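Down below is the structure, laid out as C-alpha cells.
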Amino acid sequence: MQTILLAALGTHATRTMANKGKLQVDWRRGLIPASLLVMFILTFYFRVPWWVLGVFMLWIPLYYLAYPSYLRKKWSTFERDFATTFQKRDYKTLLEFYRKQWFLRKFGPRAEMLSKLALIYSGMEKYRESEQVLEEAIEMTPGPYRDRLYFNLANIKYELGKYEEAEQMYKALRKNSPYRHSVRAHLALINLQRGKSISESKTLLEKELETATGSIKQRIEAALAAS
C-alpha cells in the first residue's frame, strides 16, 4: 500500500476525452471575438451607453486574470493541507476535507482531484473504490502523463489479487519510467504468487530487498519467507 501512496504523492485519455478538451479550448478562445460581436450589436443596433459596454467587458479581466489566480491559490492551499493531513494518516479527516472542496472538485484539475481521492481510498484500504476512481482519472489524462496513474492502478490491481491485469499494466509502462525498480519487484512478486520463474524471482527480490522500504519491503520479506 505504501508504494501506491508514495507514487500518488509524486507529480495527465481516451480519444473522446481528448477531443472534448480541444473543443473546450476552442470555445474559450472564441469568447473574446464573441464579446466583440456582442459589443458591436449593442453599440450600433441598441445604442447602449458606453458605461454599459464597460461593465460588460469586465468579464475579461475577471475570467482571464482573477479566476486563474484564485484557482491557483485554492489549489496550492489544498495541496499543502492535503499533504500535511496525509502524513498523519488521518484518512477519515482527509476524506471529509476533500468533500468540502466543492470549488476545486467543480472547477479544478479533474484528473488530479480524482487521483487525490484514490490516494485517500488507498490509505483506507478501500481498493475497489480507489480502482474505480483511478480508471476515471486515466480517461481524463493525456497519454504522455498517464504513467503515474497507471502505476498506481497496477498497485491497486495487485492489492485486489488481479495479478494478470496488474502484470499487463506494469509491463505497459515506459522503459524509462521512474517506477521501473518497483515494477520489477512487483512482477517478481506476481511470478511467485503464480509459481512461475521462482528462482529468478527470488534472486531479484533478494536484491531489491536491499534498498526497499515501507510496505514493499514487508511484502518482499513475506513473499521470500513463504517461498
- Which one is modelled with the lowest pLDDT among residues in segment 180-209 that are among the charged types (D, E, K, R) and within 25 Å of ASP147 (Cα to Cα)? ARG180
- Is segment 151-159 home to any residue that is among the β-branched types (Val, Ile, Thr) and over 21 Å from ARG89 (Cβ atoms)? no
- Item | Residue in segment 50-71 that is outside any helix (DSSP H, G or I), aliphatic (A, V, I, L, M) and over 20 Å from the mean Cα position of the chain (by Cα) present | yes
- Task: Filter segment 73-108 for residues that are touching a helix residue (DSSP H, G or I) at 6+ places or on another chain (Cβ under 8 Å) and closer than 22 Å to ASN155 by Cβ and give the result.
- Result: PHE82, ALA83, THR85, PHE86, ARG89, TYR91, LEU94, LEU95, TYR98
- Task: Go through segment 116-175 residue by residue and tally those that are within 20 Å of PHE82 (Cα to Cα) and among the basic types (Lys, Arg).
- Result: 3
- Query: So which helices (runs of 4 or more DSSP H) are wholly in segment 87-183 and hold at least 3 residues that are more than 10 Å from the chain's Cα centre (by Cα) and surrounded by fewer than 17 Cβ atoms within 10 Å (Cβ to Cβ)?
  - Reply: 91-99, 102-107, 127-139, 163-172
- In segment 184-195, anything assigned to a helix (DSSP H, G or I) and loosely packed, with under 14 Cβ neighbours inside 10 Å is listed as ARG194
- Check whether at least one residue in segment 63-75 is closer than 30 Å to GLN193 by Cβ and either of a type in the set (Asp, Glu) or surrounded by 14 or more Cβ atoms within 10 Å (Cβ to Cβ) (or both), and report yes or no. no
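Before we move on, is THR211 hydroxyl-bearing (Ser, Thr, Tyr), assigned to a helix (DSSP H, G or I) and farther than 26 Å from PHE82 by Cα?
For THR211, the condition - hydroxyl-bearing (Ser, Thr, Tyr), assigned to a helix (DSSP H, G or I) and farther than 26 Å from PHE82 by Cα - is not met.
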- Hey, can you tell me all the residues within segment 197-224 that are closer than 19 Å to GLU159 by Cα and loosely packed, with under 13 Cβ neighbours inside 10 Å? THR213, GLY214, ALA222
- Which numbered condition trips up MET39, out of (1) outside any loop (DSSP other than H, G, I, E, B); (2) of a type outside the set (Val, Ile, Thr); (3) within 29 Å of TYR121 (Cα to Cα)? (3)
- Note on the structure: Flagged pairs (Cβ under 8 angstrom, 6 or more apart or on separate chains; first in segment 64-82, closer than 16 Å to LEU117 by Cα; second in a helix (DSSP H, G or I)) are TRP75/LEU104; PHE78/LEU104; ASP81/PHE97; PHE82/LEU94; PHE82/PHE97; PHE82/TYR98; PHE82/LYS116
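The values are calculated or read from the model by the stated rules, or taken from the named source; none is laboratory data. Fair warning: this is a prediction, and the values are worked out from it, not measured in the lab. Note that we place each Cβ from the backbone using ideal geometry, even for glycine, and neighbour counts take in every protein chain shown.
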